[in-house]
Every structure is written in structure tokens, then in C-alpha cells.
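The values are calculated or read from the model by the stated rules, or taken from the named source; none is laboratory data. What you see is a predicted model; the values in this text were computed from it and never measured. Ideal geometry is used to build each Cβ from the backbone, glycine not excepted, and the neighbour counts take in all protein chains shown.
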């Protein structure tokens, strides 16, 4: 019995690894998409560095310098792009062109397929964040000190936004509508969550605090810039949204394009 269990575990790990490898190969074989995935956040943080590099600590940025504030928030946006936006669009496209239906007909379990996608998105997010932190360092932003807290926030945030990406993909009817639907949900959340401008409205801050983007911003700010680790409330909100996204995805997600 134990031998059979061990063989099954090795087989499952092999399937997950195969899916991760497939997603990575597919990603890197589209060099234009990969290039802009990594260049966009680097360009943004470089522009912010040129504009705000001389802005020191101030109460407007919660006692941080402008770039100490923007490095974590732009890092959070890059994770959103990799784990929410791109995932929702990719799944909508794959469903419409029949790829998901063909995957479902293979021996690959659904959980292994989505775990492979999650791992791929996490790898892309880590590379994005490393580039952003590296550019910030060129402008004098100190490296994070709370690496364990940053890692926990990153993994939980990536998993939660991947779940939300799958949930959104489950309600998108066709690939052409996917970018519009994804951005309609994302843009307001990004702006009211203090990504590009700190939020000093108490009411708006409280509202955004119960939505997924603001807690993720705060979790990365705490571990990257404020050296305070993460607030368990922020992680709890992220976990709740991730669980809600997973439930919607399990309930609504369809592999067949005609089932949408």
C-alpha cells in the first residue's frame, strides 16, 4: 500500500512538473509577450525614480520616501498582472480555441493543471519583483529586510489573485471580451487601493481595506519598506478573497467553449 502511494505521489509530482515546464516553455517561446511583461513594471519604476527620486521621507508617503512607497506598490501591480490579468485572459483564450477541452480529455488532473499555472504565475511574479527591487536599489531604495514576511505575502497574494483570475475567466463568454472585463475590475481597485497615489481618506481607506488589492499593497509595504512584517488582518483578507475566488471557480469554470 505504501509503495503504491509513493508511486502515485511521484506520478502526481511528475504531472505537476510537466505542466509547470509546459507553461514556462509556452511563455518564453513568445518573446514579445515575455519582454513586455517584464519591461512594463521596470519602465514604470524607472520613470517614478526619475520623477520622485529626490523626494525624501514625508507624512504623505506614511513616513517613507516616495520610492520606498512605490517599489512595493508597483511590485504588487506586477503580481496582479501576472496572476490575475494574464491568467484570466489566457484561460478565456484557451477555452475559446478548444485547448482547455483537449487538456480535459488527457489524464492530467484538473488540480495539477491549475497548480502548474499557479507555479508559473509565481515564477513570473518573482522575476518581476526582483527586477523592480533591483531598479529601486539603483535609485537608493534599501533592500527589504523582512524576506520571510515578503515571501509569505507574495505566495498568498499570488494564490489569491490566481483564484480570482480563474473565477473571472469563468464568467467571461469569449476571448475578445476578456481584456475589457479584466481591466474594468482591476483599474478601479488599483487606484482606490493607493497603488499610484497614497490614500488619505479614512472612509475610502476602510472600504479598500476589505477589498483584495489594498491588503496586498499593505502587506508588501510592511515587509519591503516599513520593516514591520505583515499585518495578519491583511493576510486574512487576502485568504478570504482567494477562498471566495476558488469557490466561484469550482462552481462556474467550464472547459468546453460551448458550455459558457
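Looking only at region 93-102, filter to residues that are touching a residue at least 12 places away in the same chain (Cβ under 8 Å) and in contact with a helix residue (DSSP H, G or I) (Cβ under 6 Å, 6 or more places away or on another chain); which one of those is farthest from residue 171 (Cα to Cα)? Full working, then the answer.
Kept after step one, since they are touching a residue at least 12 places away in the same chain (Cβ under 8 Å), are these residues of region 93-102: 93, 95-98, 100-101.
Filter once more, keeping what is in contact with a helix residue (DSSP H, G or I) (Cβ under 6 Å, 6 or more places away or on another chain): 93, 95-96, 100.
Working: 93: 13, 95: 12, 96: 13, 100: 15 Å.
Out of the qualifying residues, it is 100.
Test of understanding: among 152, 159, 225, 208, which residue is touching a strand residue (DSSP E or B) at 6+ places or on another chain (Cβ under 8 Å) and under 21 Å from residue 73 (Cα atoms)?
Working: 152 fails: touching a strand residue (DSSP E or B) at 6+ places or on another chain (Cβ under 8 Å); 159 fails: touching a strand residue (DSSP E or B) at 6+ places or on another chain (Cβ under 8 Å); 208 fails: touching a strand residue (DSSP E or B) at 6+ places or on another chain (Cβ under 8 Å).
From the options 152, 159, 225, 208, the qualifying one is 225.
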- Failed item, numbered, when residue 75 is tested on (1) surrounded by 24 or more Cβ atoms within 10 Å (Cβ to Cβ); (2) under 21 Å from residue 246 (Cα atoms): (2)
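Matching residues to (1) in a helix (DSSP H, G or I); (2) surrounded by 13 or more Cβ atoms within 10 Å (Cβ to Cβ):
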| residue | (1), (2) |
| --- | --- |
| 101 | yes, yes |
| 131 | yes, yes |
| 136 | yes, yes |
| 166 | yes, yes |
| 187 | yes, no |
| 190 | yes, yes |
| 198 | no, yes |
| 206 | yes, no |
- Total residues in region 182-208, condition in contact (Cβ under 8 Å) with a residue 40 or more places away in the chain, touching a helix residue (DSSP H, G or I) at 6+ places or on another chain (Cβ under 7 Å) and closer than 30 Å to residue 96 by Cβ: 3
- Among the residues listed as 69, 84, 60, 113, the single one being modelled with pLDDT under 90 and either surrounded by 14 or more Cβ atoms within 10 Å (Cβ to Cβ) or assigned to a helix (DSSP H, G or I) (or both): 60
- For region 150-157, does any single residue satisfy the condition of being within 20 Å of the chain's Cα centre (by Cα), modelled with pLDDT of 90 or more and closer than 19 Å to residue 27 by Cα? no
- Query: within 25 Å of residue 212 (Cα to Cα) and in contact with a helix residue (DSSP H, G or I) (Cβ under 9 Å, 6 or more places away or on another chain), is that true of residue 90?
  - Reply: yes
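Give the residues of region 138-164 that are touching a helix residue (DSSP H, G or I) at 6+ places or on another chain (Cβ under 6 Å) and not in a loop (DSSP other than H, G, I, E, B), sorted by residue number.
149, 150, 153, 156, 157, 158, 159, 160, 161, 162, 163, 164
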- Task: Answer yes or no: is there a residue in region 229-239 that is closer than 30 Å to residue 104 by Cβ and assigned to a helix (DSSP H, G or I).
- Result: yes
- Please find, among 42, 55, the residue that is surrounded by fewer than 24 Cβ atoms within 10 Å (Cβ to Cβ), touching a helix residue (DSSP H, G or I) at 6+ places or on another chain (Cβ under 8 Å) and not in a helix (DSSP H, G or I). 55
